Amino acid sequence: MMRLLVISILILQSAVFAQSRDEAELEKLKDAIARLEKSLAEQTTREKKTSSTVDNLDKKISLSKNLVGKLSNDISKQKERRASLEKEKDTLTQRLEKVQEIFAQRMISLYKNGHIGTLELLVNAKNVNQVLLWAEYQRRLAQMDAKLISSIRSRKAKLDSSDKHVALTIQKQNRSLAERKLSQKKLENSRQSKQKLLKQIRKNKEVYRQQVADYMAAIERIQKIISESEAQRLQEEREQLQRLPGLAEIPADFQEIDFASLKGSLPWPVSGEIIREYGSYKHPVLKTVTANLGIDIKAQLGSSVRSVAGGKVTAITWQRGRGNLIIVNHTDGFYTVYTHIDEIAVDLRETIVAGTVLGVVGEAGIDSDPLIHFQVWQKFDHLDPKLWLKR
């Protein structure tokens, strides 16, 4: 009984901790959105035709999607809790009724036949011990029933008090539904604002120059992240070899992976078609030659983006013009990069397997179609991702 009580307390504490953590994350998202709304309001009056406004709208759209997702998850948890409480209450109510019925029938039987049964036993009993055993049995049986009923009544009383918790859960659920509806409306308004703004600025060459500058800054940031990750990986390998000389130079987390052997057979990170190849291309507006270090895959907005191979999530960050960016570290200095991602589904430093959902196709940037930008790196060299994907 004590063990059950301890387990129940631990489960309750875990649930309370998880709930507090979820609420903290929701408040953090709301605060971030509120700050962006303030910034956007200031920008709208000051500079209506800049890429920085698009950037802030992208951030707000991404955060709003996360908020809607977390509110939806919160509502689902509340529904499950409510259903669980009501199911447990119904089950115990049925048990109580059944035991009460058995107990009542026994009491009626004792009342009707108790004296006759006792006389028959006294006449037919072979010895006094048999009579005493029968009496003790009846006494303990009645005592056990009384304790059982008392225990179930006590449990039911506690569950009855949970009606208040169920009512509070329903209220919270309704508030979350209202918040989600409002967030979805704000999300749609942000999308409309962005589309309206894009119509105004897509003819502005300065915006595209800023986009190219943002891409160059993004490349430098990716190179820096990979450089830092490579330095750490090599250091870990040296330390591992010093501890265990002769061990294969492969990190323990990824011993089963040989990324180099996967060339030409990697699954696509998202279903779609390549709309911009790897390498140099002529910018359609600026008419200048620009380098593309990956491929741009046109995809359906909100469709799942998956890791092409197992590895460890090395970076999760935000970049202007490309939104959320995720870098996955594979073996022997191989890395894959995914940008334009919303609703991120993995954690930093998380070890993942091939096919793990990283997030969904987002809508950051000034491109007219939703897309995923995908890169493959070997140490400090960028490679043509198309050569690594399945034909």
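The values are calculated or read from the model by the stated rules, or taken from the named source; none is laboratory data. Fair warning: this is a prediction, and the values are worked out from it, not measured in the lab. Ideal geometry is used to build each Cβ from the backbone, glycine not excepted, and the neighbour counts take in all protein chains shown.
Before we move on, is T331 touching a Pro at 6+ places or on another chain (Cβ under 8 Å), among the β-branched types (V, I, T) and touching a residue at least 60 places away in the same chain (Cβ under 8 Å)?
Numbers: touching a Pro at 6+ places or on another chain (Cβ under 8 Å): yes; among the β-branched types (V, I, T): yes; touching a residue at least 60 places away in the same chain (Cβ under 8 Å): yes.
It is true that T331 is touching a Pro at 6+ places or on another chain (Cβ under 8 Å), among the β-branched types (V, I, T) and touching a residue at least 60 places away in the same chain (Cβ under 8 Å).
For every residue, the table says whether it meets (1) at positive phi; (2) outside the structural domain of A291 (by TED's automatic domain parsing); (3) surrounded by fewer than 24 Cβ atoms within 10 Å (Cβ to Cβ); (4) without any contact (Cβ under 8 Å) to a residue 60 or more places away in the chain.
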| residue | (1), (2), (3), (4) |
| --- | --- |
| E343 | yes, no, yes, no |
| V346 | no, no, yes, yes |
| I352 | no, no, yes, yes |
| T356 | no, no, yes, yes |
| V361 | no, no, no, no |
| I372 | no, no, no, no |
| F380 | no, no, yes, no |
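Being of a type outside the set (D, E, K, R), in contact (Cβ under 8 Å) with a residue 24 or more places away in the chain, surrounded by 18 or more Cβ atoms within 10 Å (Cβ to Cβ) and outside any loop (DSSP other than H, G, I, E, B) is a condition met by no residue of segment 363-370. V376 meets the conditions (1) surrounded by 14 or more Cβ atoms within 10 Å (Cβ to Cβ); (2) closer than 27 Å to Q195 by Cα in every case but one. The failed one is (2). Evaluate segment 309-328: report whether one residue or more is basic (K, R) and closer than 21 Å to I295 by Cβ. Within segment 309-328, one or more residues are basic (K, R) and closer than 21 Å to I295 by Cβ. The residues on offer are A231, A213, A218, A260, and the sole one that is assigned by TED's automatic domain parsing to the domain that holds G365, in a helix (DSSP H, G or I) and modelled with pLDDT of 85 or more is A260.
May I ask you to list the residues in segment 371-391 that are in a loop (DSSP other than H, G, I, E, B) and closer than 17 Å to D296 by Cβ? Steps first, answer last, please.
First pass over segment 371-391, keeping only residues in a loop (DSSP other than H, G, I, E, B): 379-380, 384, 388, 390-391.
Of everything in segment 371-391, those that are in a loop (DSSP other than H, G, I, E, B) and closer than 17 Å to D296 by Cβ turn out to be D384, W388.
Being more than 25 Å from G311 (Cβ to Cβ), modelled with pLDDT under 70, surrounded by fewer than 16 Cβ atoms within 10 Å (Cβ to Cβ) and hydrophobic (A, V, I, L, M, F, W, C): is that true of L286 here? Give the derivation first.
Working: more than 25 Å from G311 (Cβ to Cβ): yes; modelled with pLDDT under 70: yes; surrounded by fewer than 16 Cβ atoms within 10 Å (Cβ to Cβ): yes; hydrophobic (A, V, I, L, M, F, W, C): yes.
Taking the combined requirement at face value, the residue satisfies it.
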